[in-house]
Amino acid sequence: QVQLAESGGGLVQPGGSLRLSCVASGSGFEINAMGWFRQAPGKEREFVGAISGSGKNAYDGDSVKGRFTILRDNAKDTVYLQMNSLKPEDTAVYSCALDRFYGRIRELEYDYWGQGTQVTVST
């Protein structure tokens with residue numbers, strides 16, 4: 001059993017940056033891929049990006065490519081989402097999730113989820 005807890009959300013102005021954290025408790029964190037998703041009001045949950053268990057491989061969704069970066073520190077059982085050049089359309093609840101396999105983008109394929117953290121981009 002794995003539990004995930006996100007933090008770092010908040011209110012930021014357009015063009016600003018935020019760094020979200022997701023801390024995992026339980027065994028096996030380092031062998032599993034991690035993903036970030038987001039859900040804006042009235043919209044479906046959207047894949048943001050994923051990172052492999054080792055952290056050597058990562059990729060981002062098209063809507064955030066070049067602005068967001070996923071990192072992980074297995075010694076701390078933590079995965080990060082560094083968000084730069086934020087836009088109002090990035091406003092959403094951001095959730096991290098754990099998957100046994102790297103490279104999947106559908107939320108149904110992820111096994112464990114955090115509760116989410118709110119990110120609001122506004123003046």
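The values are calculated or read from the model by the stated rules, or taken from the named source; none is laboratory data. Fair warning: this is a prediction, and the values are worked out from it, not measured in the lab. Cβ coordinates were reconstructed from backbone atoms using ideal geometry, including for glycine residues, and neighbour counts include every protein chain displayed. Accessible surface is based on the protein model in full, side chains and every heavy atom, while ligands, DNA and RNA are left aside. Shrake-Rupley method; radii C 1.70, N 1.55, O 1.52, S 1.80 Å.
Observations
- TYR112 closer than 23 Å to VAL2 by Cβ and over 12 Å from the mean Cα position of the chain (by Cα): yes
- In summary, SER95 fulfils each of the numbered conditions (1) over 11 Å from VAL23 (Cα atoms); (2) touching a strand residue (DSSP E or B) at 6+ places or on another chain (Cβ under 7 Å); (3) without any contact (Cβ under 8 Å) to a residue 40 or more places away in the chain with the single exception of condition (3).
So that you can scan it fast, the table gives a plain yes or no per residue for (1) in a loop (DSSP other than H, G, I, E, B); (2) farther than 19 Å from GLY16 by Cα; (3) under 13 Å from the mean Cα position of the chain (by Cα):
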residue: GLU30; (1), (2), (3): no, yes, no
residue: MET34; (1), (2), (3): no, yes, yes
residue: ARG38; (1), (2), (3): no, no, yes
residue: GLY42; (1), (2), (3): yes, yes, no
residue: ALA50; (1), (2), (3): no, yes, yes
residue: GLY55; (1), (2), (3): yes, yes, no
residue: ASP62; (1), (2), (3): yes, yes, no
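- All conditions but one from (1) within 21 Å of LEU11 (Cα to Cα); (2) in contact (Cβ under 8 Å) with a residue 12 or more places away in the chain; (3) open to solvent by 60 Å² or more (accessible area, probe 1.4 Å) apply to ARG100; the one that does not is (1).
- Only residues that are surrounded by fewer than 16 Cβ atoms within 10 Å (Cβ to Cβ) and modelled with pLDDT of 95 or more were counted across segment 9-41, and they come to 10.
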